[in-house]
Each structure stands twice: as C-alpha cells, then as structure tokens.
Amino acid sequence: MIDQWSLTSAALHGEPWRLWTGQFFPEPLAMVPPLLLIAPKHRVRTIGWGLAIAPLISLALLAAIPNVEYHGSSALAMTIWILGPLLYFNRHPYSDQRVTSAPAYVLLTFCVGKLLFATFTDVPPLPIAHSFGAVAGVMTFIYLRAKLVHTAIRQHSESRLAVSQRG
C-alpha cells in the first residue's frame, strides 16, 4: 500500500500536496541542527525557503525516477544542512555568528559523508534525493549571495548618486 503522504507520481495527477509531504514527513526534526546556525530572526524565513524548495526537489525526483515512492525528509534536510553552514561561513546576514564554527564544520562533514555513503551503498532514490538536496542547498546559497551583492551594489550606486547630487 502506498502511503498517502509519500511522494509518488500521484503528485502530478491530482494530489499536489505530495510535493511537500514527501519531503517533510516523517522526519522534520532532521532540519533542526542546521537551523541553529541561522540567526533566530531568520529561522522562519529559512524554513520558508525549505517550503519553496521542497516541491522543486520532488519534481526533480519525479523527473529522474518516474515510478518513485519517496517518503522522508533526507533530501530537504540535505538542502538545509548544506545551506546553513554555507551561509554561516560567508557571514551572510542570515547566519548567527554567536555560534562557534565547529557545528558548521560537523554539518558539512556529515553531508559529504552521507552523500558518499549513499552513493556507494544505497539504492535509488536515496543517492539521487541526497544529491538533489545538496544541489538545491548550494543553488539557494548562490541565489542568496547574489541577492545580497545586488542589494549592496544598488545601495552603493544610490548613495553615490545622492552624494553627487549634493555637490
């Protein structure tokens, strides 16, 4: 029997909630450790990123393995486990620099180990799900960094324009 919450092709045929529930059930607590690297005021926003990313990972899984039945949060957890340390190491405004760097190193080391272990020992969909999660984490980090750089450039241009209009 197929679990009503798992990700299956039914997500594309009238059961779209599976795009999210296949990623969040049954282990949402797996996403708690990396959230400790995120500043408290940005944790909800990061969870929002997870909600936005979950269906994208699900769609990628359905495209890669059309008859998949996936129920677990490891792909999305991998996303957050990669994203949290990358934001922390780059001193992104989301990061909580009051936390020591040790947890960030541990999280990234665990992710690399899990990716390698799943690649050589598990059967699909786990290696593919973990890989998609890692790629989603890196892509989200790149997007957030680009957004930050774009904002800084715009603010710099606006301040230069304001100074030049005064003179």
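Would you check if there is a residue in the range 58-66 being surrounded by fewer than 16 Cβ atoms within 10 Å (Cβ to Cβ), within 12 Å of the chain's Cα centre (by Cα) and under 30 Å from residue 90 (Cβ atoms)?
Looking for residues that are surrounded by fewer than 16 Cβ atoms within 10 Å (Cβ to Cβ), within 12 Å of the chain's Cα centre (by Cα) and under 30 Å from residue 90 (Cβ atoms), one finds none in the range 58-66, hence no.
Within the range 113-124, which residues are exposed (fewer than 11 other Cβ atoms within 10 Å of the Cβ) and part of a helix (DSSP H, G or I)?
113, 120, 121
Conditions tested, residue by residue: (1) assigned to a helix (DSSP H, G or I); (2) within 26 Å of residue 86 (Cα to Cα).
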| position | (1), (2) |
| --- | --- |
| 5 | no, no |
| 10 | yes, no |
| 20 | yes, yes |
| 32 | yes, yes |
| 42 | yes, yes |
| 47 | yes, yes |
| 52 | yes, yes |
| 58 | yes, yes |
| 61 | yes, yes |
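Need the failing condition index for residue 2 against (1) surrounded by fewer than 16 Cβ atoms within 10 Å (Cβ to Cβ); (2) of a type in the set (Val, Ile, Thr); (3) modelled with pLDDT of 90 or more, just the number.
Exception for residue 2: condition (3).
When you scan the range 125-160, how many residues do you find that are more than 16 Å from the chain's Cα centre (by Cα) and either exposed (fewer than 10 other Cβ atoms within 10 Å of the Cβ) or touching a residue at least 60 places away in the same chain (Cβ under 8 Å) (or both)?
Of the residues in that region, 1 qualify.
Select from the range 63-102 the residues that are part of a loop (DSSP other than H, G, I, E, B) and within 16 Å of residue 25 (Cα to Cα) and list them in ascending order.
Restricting attention to the range 63-102, the residues satisfying the condition of being part of a loop (DSSP other than H, G, I, E, B) are 65-69, 71-73, 90-94, 96-101.
Scanning the range 63-102 gives 68, 69, 71, 72, 73.
Each row is one residue, and each column tells you yes or no for (1) without any contact (Cβ under 8 Å) to a residue 12 or more places away in the chain; (2) of a type in the set (Phe, Trp, Tyr); (3) within 20 Å of residue 144 (Cα to Cα); (4) touching a strand residue (DSSP E or B) at 6+ places or on another chain (Cβ under 7 Å).
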position	(1), (2), (3), (4)
44	yes, no, yes, no
63	yes, no, no, no
77	no, no, yes, no
80	no, no, yes, no
94	no, yes, yes, yes
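Just wondering, is there one or more residues in the range 97-110 that are at pLDDT 90 or above and surrounded by 19 or more Cβ atoms within 10 Å (Cβ to Cβ)?
To start, the set of residues in the range 97-110 that are at pLDDT 90 or above comprises 97-110.
Of the ones still in play, those that are also surrounded by 19 or more Cβ atoms within 10 Å (Cβ to Cβ) are 104, 107.
There is at least one residue in the range 97-110 that is at pLDDT 90 or above and surrounded by 19 or more Cβ atoms within 10 Å (Cβ to Cβ).
The values are calculated or read from the model by the stated rules, or taken from the named source; none is laboratory data. On a predicted model such as this, the values are computed, not experimentally measured, just so you know. No Cβ is skipped: glycine too gets one built from the backbone with ideal geometry, and neighbour counts run over all protein chains shown.
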